[in-house]
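What follows is a set of notes on a single structure, which appears directly below.
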Amino acid sequence: MPRDSGPTRRLLVDAAERLFAEQGLDVPLGEITRAAGQRNTGAVHYHFGGRDGLLRAILDRHVPAVATRRRALLAEALETPGDPAGYGRALALPVTGLLYGSPTDRAYLQISVRLMGDPTSPVARELGGDDVQDVVAAAIHALTPADPAALQERAFLAVQMTGLLCAHRAARGDTKPRPDAIVRTGELTRTEFEAHVTAICAGAVRPPG
């Protein structure tokens, strides 16, 4: 009977998430293998085909859950379709939820931002986006903006900005933030932070005027 490779794959993905988040996406695969407690130096290639396959496995662990959360929030938004705040929550909260989730969620935030910043990565296009597009399409349909293309661009920029802010907070960990020069953004509570980010995302889909 073939041996179950599931536990080894999970150990490799766990180790890769932590090291990619801490050190960047160029961590040597051998270091990941050792961190996962594997003696086979070719374990990553055997189980995932290489670095990109390992990154895809990390995305497979997180992207569906984010999309499911966003579609649930979109369903709530559609109960009051003329209110941009509902679309703001659907755009923002699936991302901020990762920040306040498990250590693996916080690692994924940092990895996803690094992938978005790498124009050569074949994996970056698999970060998702259809769920964001669903929210944008619903907002355009309900709010009938004069310039739908501009609304779409603003919404995607707002989601990317949210991811970047959350990734920075995730990287900070338990380290006390430095005092801000003007406002106390680094010291915001979860409730305050999510309220502000949601308002920004709602503003991105609110038609001018």
Tell me yes or no: at least one residue of region 143-164 is in contact (Cβ under 8 Å) with a residue 24 or more places away in the chain, touching a Cys at 6+ places or on another chain (Cβ under 6 Å) and assigned to a helix (DSSP H, G or I). yes
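Yes/no per residue for (1) modelled with pLDDT of 95 or more; (2) surrounded by 15 or more Cβ atoms within 10 Å (Cβ to Cβ); (3) hydrophobic (A, V, I, L, M, F, W, C):
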{"site": "Ala170", "(1), (2), (3)": "no, yes, yes"}
{"site": "Lys176", "(1), (2), (3)": "no, no, no"}
{"site": "Ile182", "(1), (2), (3)": "no, no, yes"}
{"site": "Thr185", "(1), (2), (3)": "no, no, no"}
{"site": "Leu188", "(1), (2), (3)": "no, yes, yes"}
{"site": "Thr191", "(1), (2), (3)": "yes, no, no"}
{"site": "Val197", "(1), (2), (3)": "yes, yes, yes"}
{"site": "Gly203", "(1), (2), (3)": "yes, no, no"}
{"site": "Pro207", "(1), (2), (3)": "no, yes, no"}
Would it be correct to say that Arg114 is closer than 21 Å to Pro208 by Cβ, of a type in the set (D, E, K, R) and either assigned to a helix (DSSP H, G or I) or modelled with pLDDT of 95 or more (or both)? no
Return the pairs, sorted by first residue and then second, in which the second residue is of a type in the set (Asp, Glu) and open to solvent by 40 Å² or more (accessible area, probe 1.4 Å), the first residue lies in region 31-50 and is closer than 9 Å to Leu12 by Cα, the beta carbons are less than 9 Å apart, and the residues are 6+ apart or on different chains. Ala35/Asp14; Ala36/Asp14
Conditions (1) at pLDDT 90 or above; (2) more than 16 Å from Gly86 (Cα to Cα); number of the one not met by Ala138: (2)
Note down all Cβ pairs under 8 Å where the first residue falls in region 111-124 and is open to solvent by less than 50 Å² (accessible area, probe 1.4 Å), the second is of a type in the set (Ser, Thr, Tyr) and at pLDDT below 90, and they're at least six residues apart or on different chains. Leu115/Ser121
For Arg56, are the conditions met, namely being of a type outside the set (Asp, Glu) and closer than 19 Å to Leu127 by Cα? yes
Tell me, yes or no, whether region 140-153 has at least one residue that is under 30 Å from Pro103 (Cα atoms) and β-branched (Val, Ile, Thr). no
Taking the stated definitions as given, is Arg9 closer than 15 Å to Gln110 by Cα, touching a helix residue (DSSP H, G or I) at 6+ places or on another chain (Cβ under 9 Å) and either open to solvent by 50 Å² or more (accessible area, probe 1.4 Å) or among the small types (Gly, Ala, Ser) (or both)? no
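The values are calculated or read from the model by the stated rules, or taken from the named source; none is laboratory data. Model, not experiment: these values are computed from the prediction. When we count neighbours, we look across all protein chains shown, and the Cβ atoms used for this are built from the backbone with ideal geometry, even at glycine. Accessible surface is based on the protein model in full, side chains and every heavy atom, while ligands, DNA and RNA are left aside. Shrake-Rupley method; radii C 1.70, N 1.55, O 1.52, S 1.80 Å.
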